[in-house]
Amino acid sequence: MIREPLTDRFLVTAMALSAVLAVSAAAVRADDSQATRPERPNVKAGLPGETFEVAGRPAFVLLPEKSLRRTPQPWIMYAPTLPAYPDRHERWMHEQFLAAGIAVAGVDAGEAYGSPAWQKLCDGLYDDLTGQRQFASRVCLLGRSRGGLWMTSWAGKNTAKVAGMAGIYPVFDLTTYPGLKRAAPAYGLT
């Protein structure tokens, strides 16, 4: 089989990124029991940004320093955004995004698992940032664990608004996690 040099570089990069994320995931699981759980999202992990509300739900945006901001502002939509997430275990990653001039934002929908309620809140966050704050009209989506469900559900209905997707041990199947019984209420089902 003949391989193109670009393909080999991509495979090496993908394998290295997978290893870094696996180590990070193991560290998160090992230390999660000691994590503090704030009542609502605030400026996450001590990074620069602000909190606000979308349809009465807490939201956040981490902002690069002013000299790195652009118009339109490139950004990442992160999920899950819960009172504890994103957390200090991901600070290193968010610092890299901010240093590259990329903002990070999310909205706390509770345990929404990609439901229509989540999609509406996500639409509200998107509309606020692109309409009021001059963020880029095409966003990169980043789903951690069950956040994969959230991001893929929104991406499927908003393909023209998505520049790319990534995941940190993402979940894509409700039957494997959280399980249909646990996810059903988020979808208005029993």
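None of the figures in this text is laboratory data; all of them are computed from the coordinates on show. Bear in mind that the values here come from a model prediction, so they are computed numbers and not experimental data. A quick note on method: Cβ atoms are made from the backbone with ideal geometry, for glycine too, and the neighbour counts reach across all protein chains shown.
Here the range 119-166 is treated with +1 on each Lys and Arg Cβ and -1 on each Asp and Glu Cβ, and its dipole about the Cα centre works out to around 140 debye. Remark: the range 76-190 is approximated by an ellipsoid whose semi-axes, taken from the C-alpha gyration tensor as √(5λ), come to 23, 17, 12 Å, largest first. Counting every other Cβ atom within 10 Å of each residue's Cβ, Lys161, Lys66 order from fewest to most as Lys66, Lys161.
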